[in-house]
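K.L.:
I'd like to ask you about the structure that follows.
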Amino acid sequence: MPWSEHMTIDSLLQSLENVDFCSVIRLNGKLVSSPKFSETKIKDNSKIDLLPLVAGG
Amino acid sequence: MGNFHLKEIKSVSYEKAELKKGYTDQSLRINLNSNDIIISPIDEEIKRTFIGGRGYDLWLLWNSVTGKTRWHDPENAVCISSGPLGGTPGYPGGGKSIVTSISPLTGAPIDSNVGGYFGPYMKFSGFDVIQIDGKATADRVILIDGIENKIKIFEAADLPKDSYELSDQLTRYFDPDKPVNVSVVTAGPGAEHTFFGCLNFSWWDAGRKRVRYKQAGRGGIGTVFADKKVKAVVARYGAVSMKSNNPADLEALKRVTKSHAKEIHNLDPNQNRMALVGTTHLVPIMNDHDCLPVHNFKFGSHPESKVIGEEIYEHIFDKGFDGCWKGCAVACAHGVKDFSPFTGPYQGKKVFVDGPEYETIAGCGSNLGIFDAHTILEINFYCDAYGIDTISVGTSLGFVMDCFENGLITKEDTGGMDLSFGNRFNALTIIHQMSKGEGFGAIVGKGIRNMKKIFAKDFGADISFMQDIGMESKGLEFSEYITKESLAQQGGYGLALKGPQHDEAWLIFLDMVHNFMPTFENKAEALHWFPMFRTWFGLCGLCKLPWNDIVPEDNKKTSEPAKVMKHVGWYADFFSSVTGRKTAPEDIITMSEAVYNFQRVFNLKMGFGTREHDTLPYRAVGPVTVEEYESRKERYDLQLKDKYSFDITRMDTKEKLSELRKKREDQYEKLKDAVYERRGWTNNGIPTVNTVKRLGIDFPEVMEVLKKNGVE
Ligand code: SF4
């Protein structure tokens, strides 16, 4: 996925399909939850994993 | 090896039943009054209706007790079973045991699903289920030896008091050459002195060459076990393979096992990384979504929670394979080696701690204002060793601390202890007191429902405020999620058969974060399907985690991702391949429904199981105090204005609190109506005659209980 300068988790997800269920991702190994998606900037060459729907205990 | 003494007082040789399609079709009963050892066949109708596991437990328990039986009566039984699929090596989560009894906390049947090797070893030794009833006059150890084909009852003396030592010593005693052949069920001194005693189920960790254990935690089954003077039940069995269950279609079983295990192996490293962090990843996630209990469920997040989550524990956990069942690819049962407690009988010694899991961190950490990974480990270690449930301990202590901070109890009542939030030394002191039944800890060990009565009667505390902040329902302490913003999860807790444990339904994200169930009907549908599907794991002897904690990569493209239907299909194939009973995904729901409704009627038999018992403390529903309201003012103000059309400009916080409360409580009652209807129950929460007939549980004694409660 090409990187752009002001890219956030939120803007990245908006450009993807089937991500309605995504409320947590891993950004370079660190967990980031949906309340922080819009404020979390993505640096170039970052690795992002979308976590499955949180299933609880 | 310790200097304990075991004197054999009864020994019976038996011919081992041949395993057929996951079943032995035999039950074992140990009566401690008479030391009778009774082996009985399980008939086809019971097998068809109750499937196994929790279903078998409940059927035996129902027949053992009357509606008047209380938890400490001799006829109350501890029932432990595997299930037809239990004991499948390599199938993720394929070896759980399910335990039931009449709970000291709730007075009704309680069930707990636990790892370790006991259930499968007992089954392969010839018994689908064991019922232990009666009461011994002196300490007992029971052995089910599937290698020698013998069942023995021992009188025991000088055994180690705590589960940590006891599990280890009995494992080495009963098979010194091959400890992997032994699994031990033990309680502990805390189980003798509290109402929330747990049972520890062991397995031999071949890599580390040590005994490990998992807990059947909820509802005080360990307390019943200890009250019967049972120190341990031991199962001994040899090598287990995929053929051990004598499955109907071995090749199909191998195929489905391989598919599920391979998927977990491939995907877990990029999803929740449970093989590395267990369930500790939930700490930061719950914190960020305002769902982590902080200060007795008052708040949902705390900046210091970052020091008690996966980022810390990942580095503390001992590296190695951590499956609590043989070959489980999730391998999430982590532990910490060479831990050195700073209090109590193990102070300064090096011990292995099994855990912590999310529930323990949240309950005994953030909920108590203790943001210290080391203290949480120490609480975890002692709760297990003493045999007390970390969830009930955490939630009960949270209530006590809240009462202390609100002046409902004082140092005069606590034996001089400051029990403000964050006081980790005094929290540990209470836990040590619980193990001896001494001091203020003896009161805390009775659980929240009893504490409310004692605090009101002896200390003059305000009962209605305690009703609001005491996080129990049906007498059971809440597990560790904040539900204020999820009506569906309020139902997940309040309408759960045994009380507020999340194993029936966990709908917070679907409801609160994604708003995927906006109507009462949507919520009711979820509160039908999820509890029914989750019940099935307990019938079959399986762990729930591999179902939806690791999901297929294309799961998000399916019509109902929360159900993870690809895995549901695999479970149906798994059941078909072992039992030979051709099963489709929808059949799973019907199987569970029969047992689920039977348990609801069982609650009724014991004097509960109606609408009035499905209530919640208000703190599970909305803000109780002004402080709580103000902490989420924006959210609540908006709701009052937009959702309920209030003009809030002239309302002070107290008025807002009161109006919000009326609305939220009303919503919860409406949810009950919708769920009862969906489940085929009356408006009073009782299964109708049509429902029990449809599910084939219209036994005469069931119909009699319904009739007594006005349902004909
Ligand atoms: S998923 Fe975790 S808890 Fe479940 S059986 Fe496997 S190791 Fe045990």
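Coordinate-derived values only; no laboratory data. A quick note: this is a predicted structure, and the numbers were derived from the prediction, not measured. Cβ: placed from backbone, ideal geometry, glycine included. Neighbour counts: every protein chain shown.
K.L.:
Averaged over B:44-56, how many beta carbons belonging to a partner chain fall within 10 Å of each residue's beta carbon?
P.N.:
Numbers: counts 0, 0, 0, 0, 0, 0, 0, 0, 0, 0, 0, 0, 0.
Mean number of neighbouring Cβ atoms from other chains: 0.
K.L.:
Okay, next question. Only loop residues by DSSP count here, and only those with at most 12 other Cβ atoms within 10 Å; note down the GluC sites (Glu not before Pro) in segment B:110-186 that meet that. Intermediate values should be presented prior to the final figure.
P.N.:
Working: sites: B:GLU148, B:GLU155, B:GLU165; in loops: B:GLU148.
Loop-located and lightly packed - B:GLU148.
K.L.:
Now a separate question. For segment B:245-319, which trypsin sites (Lys or Arg not before Pro) are in a loop by DSSP, counting at most 10 other Cβ atoms within 10 Å?
P.N.:
On the way: sites: B:LYS254, B:ARG255, B:LYS258, B:LYS262, B:ARG273, B:LYS298, B:LYS306, B:LYS319; in loops: B:ARG273, B:LYS298, B:LYS319.
Qualifying residues, ordered by number: B:LYS319.
K.L.:
If you restrict to DSSP beta bridges whose two residues both lie in the protein assembly as shown, what percentage is antiparallel, to the nearest 5? Working shown, then result.
P.N.:
Working: 64 of 75 bridges.
Among the beta bridges of the protein assembly as shown, antiparallel pairing accounts for roughly 85 percent.
K.L.:
Which of B:THR625, B:ILE308, B:THR171 sits farthest toward the positive end of the charge dipole of chain B, with +1 on the Cβ of Lys and Arg and -1 on the Cβ of Asp and Glu?
P.N.:
B:THR171
K.L.:
For A:45-51, what's the mean count of beta carbons from other chains sitting within 10 Å of each residue's beta carbon?
P.N.:
Other-chain Cβ atoms within 10 Å of each residue's Cβ, averaged: 2.
K.L.:
For chain A, the longest stretch holding no trypsin sites (Lys or Arg not before Pro) located in a DSSP loop with at most 10 other Cβ atoms within 10 Å is which?
P.N.:
A:1-42
K.L.:
Something else about it: Provide the per-residue ³J(HN,Hα) series for segment B:619-626, in order, calculated from phi with Karplus coefficients 6.51, -1.76, 1.60 and θ = phi - 60°, each as a whole number of Hz, with x at glycine and proline positions.
P.N.:
Result, ordered by residue: 4, 7, 10, x, x, 8, 10, 4 Hz.
K.L.:
Starting at the first residue of segment B:91-107, write each ³J(HN,Hα) from the Karplus equation 6.51 cos²θ - 1.76 cosθ + 1.60 with θ = phi - 60°, in whole Hz, x for Gly and Pro.
P.N.:
6, x, x, x, x, 8, 10, 10, 10, 9, 5, 7, 7, x, 7, 10, x
K.L.:
For chain B, what is the charge dipole size about the Cα centre, in debye to the nearest 20, if Lys and Arg each add +1 at the Cβ and Asp and Glu each add -1 at the Cβ?
P.N.:
Using only the charged Cβ atoms, the result is roughly 1260 debye.
K.L.:
Could I ask something else about it? Helix-only mean residue ellipticity at 222 nm, the protein assembly as shown, DSSP H runs n ≥ 4 weighted -39,500 (n - 2.57), per residue, nearest 500. What is it? Could the numbers behind the result be given before it?
P.N.:
Numbers: 28 runs with 289 residues, N = 769.
Result for the protein assembly as shown: -11000 deg cm²/dmol, rounded to the nearest 500.
K.L.:
Same structure again: Taking the Cα centre of chain A as origin, sum charge times position over the Cβ atoms of Lys and Arg (+1) and Asp and Glu (-1), and report the length of that vector in debye to the nearest 20. Don't skip to the answer; put the middle values down first.
P.N.:
Details: 6 positive and 7 negative charges, 56 e Å.
Charge dipole, chain A, about its Cα centre: 280 debye, nearest 20.
K.L.:
Per residue of B:357-363, what is the mean number of Cβ atoms on other protein chains within 10 angstrom of that residue's Cβ?
P.N.:
1
K.L.:
Out of all DSSP beta bridges with both ends in chain B, state the antiparallel percent to the nearest 5.
P.N.:
Of the beta bridges lying entirely in chain B, close to 85 percent run antiparallel.
K.L.:
Within 10 Å of each residue's Cβ, count the other Cβ atoms and sort B:TRP59, B:TRP325 from fewest upward.
P.N.:
B:TRP59, B:TRP325
K.L.:
When we measure straight from the Cα of B:LYS10, which lysines land under 28 angstrom away, once same-chain ones fewer than 8 places off are left out?
P.N.:
B:LYS123, B:LYS135, B:LYS150, B:LYS152, B:LYS161, B:LYS178, B:LYS228, B:LYS229, B:LYS231
K.L.:
Rounded to whole Hz and in sequence order, give me ³J(HN,Hα) for segment A:11-24 from the Karplus expression 6.51 cos²θ - 1.76 cosθ + 1.60, θ = phi - 60°, writing x for Gly and Pro.
P.N.:
5, 5, 5, 5, 8, 10, 9, 6, 10, 3, 8, 7, 10, 9
K.L.:
Ratio to report: Rg/Rh of the protein assembly as shown, with Cα atoms as the point set and Rh obtained by the Kirkwood method; give two decimals.
P.N.:
Using only Cα positions, Rg/Rh for the protein assembly as shown is 0.95.
K.L.:
Among B:LEU19, B:LEU660, B:GLY188, which residue has its Cα furthest toward the positive end of the charge dipole of chain B, with +1 on Lys/Arg Cβ and -1 on Asp/Glu Cβ?
P.N.:
Going by the Cα projections, it comes out as B:LEU19.
K.L.:
Additional query: When a/c reaches 1.5 or more, the comparison of a/b and b/c decides; with that in mind, is chain B rounded, prolate or oblate per its Cα gyration tensor?
P.N.:
rounded
K.L.:
Moving on. How about segment B:65-170: which trypsin sites (Lys or Arg not before Pro) there are in a DSSP loop, with at most 13 other Cβ atoms within 10 Å of their Cβ? Intermediate results must be reported in sequence, preceding the final value.
P.N.:
Values: sites: B:LYS68, B:ARG70, B:LYS96, B:LYS123, B:LYS135, B:ARG140, B:LYS150, B:LYS152, B:LYS161; in loops: B:LYS68, B:ARG70, B:LYS96, B:LYS135, B:LYS161.
Answer in residue order: B:LYS68, B:ARG70.
K.L.:
For segment B:535-584, what log10 I(q)/I(0) values come out of the Debye formula at q = 0.19 1/Å, with one point per alpha carbon and no solvent?
P.N.:
Calculated log10 I(q)/I(0) at the listed q: -0.66.
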